[in-house]
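One structure below.
The values are calculated or read from the model by the stated rules, or taken from the named source; none is laboratory data. It should be emphasised that the depicted structure is a prediction, and the values quoted were computed from it without experimental measurement. Cβ: placed from backbone, ideal geometry, glycine included. Neighbour counts: every protein chain shown.
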Amino acid sequence: MGTYLMDPNVTKCPECSSTNIEHDQERGEILCLSCGMVISDTHIDHGPEWRTFRGDTGPDRSRTGAPTKDWNKGLAPSTEIGWMNIDSYGNSIPGKNRAQIYRLRKWQRRIRKYKTAQRNMIWGFSEIDKICATKELPPHVNELAKQLFRRASEMNLIQGRGIECMVAATIYASCRIHNVPRTLNEIARDLNMSKRDLGRTFRKISKEMELRLNITNPSDYVSRFCSRLKVNGKTLGSAIELVEAADKMGYTSGKDPAGIAASAIYIATLTTGQIRTQGEVSRASGVTEVTIRKRYKEMIKMLDLKINNGHYFKYCSS
């Protein structure tokens, strides 16, 4: 059923002066219920002109698919005419048509000569797609990273900085905004770049774009690290309890959340008997063993944890 634009001025029948008027939305007609006169039958249907037969999911109001993405506006399509003289069926193109195909290739090369900023965006978008697919990041992180990269390009923030570093910084900022737990050190290590350069670029775009970043909670990393270490739910629960206890006492403020999470997991593995070495926790979390030992000693002292039977830890009874 379409949506018709009815004339609101028709309130009385011109034949019998009755005000008993009906607007038939399905047929696009205005009827007088007293004398049966069709006052108008030429109203415009502003609804979709197609029908759908998907009765299980309801009417399909879409026309041609998803809307154009904000980050992709102004960029030409990526379709390219191949250099081989064969058609879509694999047959050889006749000689009389090859001159036309050659001209099409030549004009396509000409229109694809983007400006430097456009070439940077195209390359950056492809890198974001590749990294997000490799790191198994959700689609909304991918979309926001591309929007941030486009804004950085339009604000000339890429000049003087490596595009690879800008790509990594936008992905990390998108993860922070969407509360997807990824550490700065993890992204820098996986992309083979300096953590210092990545951090500097990230702080620059955060300041210039005035990004509202969520504070990272150490408990967000616990489940990921525990999954890599293949420990049971009891160890996971114990690590979360340690992090929450440290947070209540204000210990987590101003410290690397990944380091606190790694230290809590190390203590929890000793508590539950699923012992993991500091090296194993370090490899799973990306936190150095030095940091784990330092945070481990601080948490033991602050939370008043004591050694039981020479190996395990437990909360001191008050």
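Quick check: anything in the range 183-202 in a loop (DSSP other than H, G, I, E, B) and buried (at least 20 other Cβ atoms within 10 Å of the Cβ)? Within the range 183-202 (the criterion being in a loop (DSSP other than H, G, I, E, B) and buried (at least 20 other Cβ atoms within 10 Å of the Cβ)), the answer is yes, since at least one residue qualifies.
At pLDDT below 80 and either out of contact with any Pro (no Cβ under 8 Å at 6 or more places or on another chain) or among the basic types (Lys, Arg) (or both): is that true of residue 38 in this structure? Spelling it out, it is not the case that residue 38 is at pLDDT below 80 and either out of contact with any Pro (no Cβ under 8 Å at 6 or more places or on another chain) or among the basic types (Lys, Arg) (or both).
Among the criteria (1) assigned to a helix (DSSP H, G or I); (2) modelled with pLDDT under 75; (3) within 27 Å of residue 155 (Cβ to Cβ), the one residue 125 does not fulfil is (2). Pairing residues of the range 116-130 that are farther than 10 Å from residue 150 by Cβ with residues that are basic (Lys, Arg) and surrounded by 18 or more Cβ atoms within 10 Å (Cβ to Cβ), at Cβ distances under 8 Å and at least 6 apart in sequence or on separate chains, gives 128/146.
Of all residues in the range 210-239, those that are basic (Lys, Arg) and touching a helix residue (DSSP H, G or I) at 6+ places or on another chain (Cβ under 7 Å) total 2.
Which members of the range 203-212 meet the condition of being surrounded by 11 or more Cβ atoms within 10 Å (Cβ to Cβ) and in a loop (DSSP other than H, G, I, E, B)? Selection gives 211 alone.
All of (1) at pLDDT 85 or above; (2) outside any helix (DSSP H, G or I); (3) crowded, with 20+ Cβ neighbours inside 10 Å hold for residue 174 with one exception: (2). Only one of the numbered conditions (1) in a loop (DSSP other than H, G, I, E, B); (2) surrounded by 11 or more Cβ atoms within 10 Å (Cβ to Cβ) is violated by residue 88, and that is (2).
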